[in-house]
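Since the structure comes first, as C-alpha cells, the remarks are kept for the end.
The values are calculated or read from the model by the stated rules, or taken from the named source; none is laboratory data. Computed from a predicted model, the values in this text were never measured in an experiment. Backbone-built Cβ (ideal geometry, glycine too); neighbour counts: all protein chains shown.
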Amino acid sequence: MEPQHTQYGMPESEAAAEARRLIDDWAGKPVQHHPTAFRDDTEPPAFGTAPPVVQDDKRIVPAWAAGVAVASIGVGAGVTGIGCGAWLVLHGLASVTLNSVLMVTLPLTGLAMAATAIGGAINKARSAVTRNVFEGPVTHNTEINNNITTRGIGARTRNDIR
C-alpha cells in the first residue's frame, strides 16, 4: 500500500508520474543553439565616401589614477638616481686620502674666500651714512588684553598685545 501525501495537492504517485512526463517532454525537444558571436568576412572597401564615425572615449583607468601612476614612476626614477648618486659618493669616500680631500676642497675654499672678500668690499662701498636725526618726544603705548576661558574641558588664555 502506498502512502497518500497530499501536502502539495496530489498524491506522491501522481506527482512522480507528472514529473516523469515533464522530464520526458523536455528531453524530447531538440536543443536550440544560439550563436554567441558573429564574424563578418566581407572585405571592407579600400576607400569610400562615408563620414568619420565618432569614437566614444572608453577609458578604463580614471585620469587621477593615471596621474598618480605617472607620478609614482617619476618618484621611483628620482629615488633610483639619488640612490645611485649616494652609492657613487660613498664608494668614493671609501677610498679617501688626505691628498684627495685637499685637491677637492682647496679650490672651493679659495672661491669661497674670494666671494667673501668681494662681498665685504661691496658692502663697505654701499653703506650709506644716515643723516636722520629724530627730535621730539617718543611715546610707546602698550595695551594688553587678557581673555581667560574656563568653560569646557580645559582652560584657555588669550593675550592680545597692541
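Given (1) at negative phi; (2) modelled with pLDDT under 80, identify the lone condition not met by GLY119.
The number of the failed condition is (2).
Given the conditions (1) assigned to a helix (DSSP H, G or I); (2) loosely packed, with under 10 Cβ neighbours inside 10 Å, and given that VAL54 satisfies all but one, which numbered condition is not satisfied?
Tallying (1) assigned to a helix (DSSP H, G or I); (2) loosely packed, with under 10 Cβ neighbours inside 10 Å, VAL54 fails exactly one: (1).
Any idea how many residues of segment 77-104 are modelled with pLDDT of 85 or more and either among the hydroxyl-bearing types (Ser, Thr, Tyr) or part of a loop (DSSP other than H, G, I, E, B) (or both)?
Of the residues in that region, 1 qualify.
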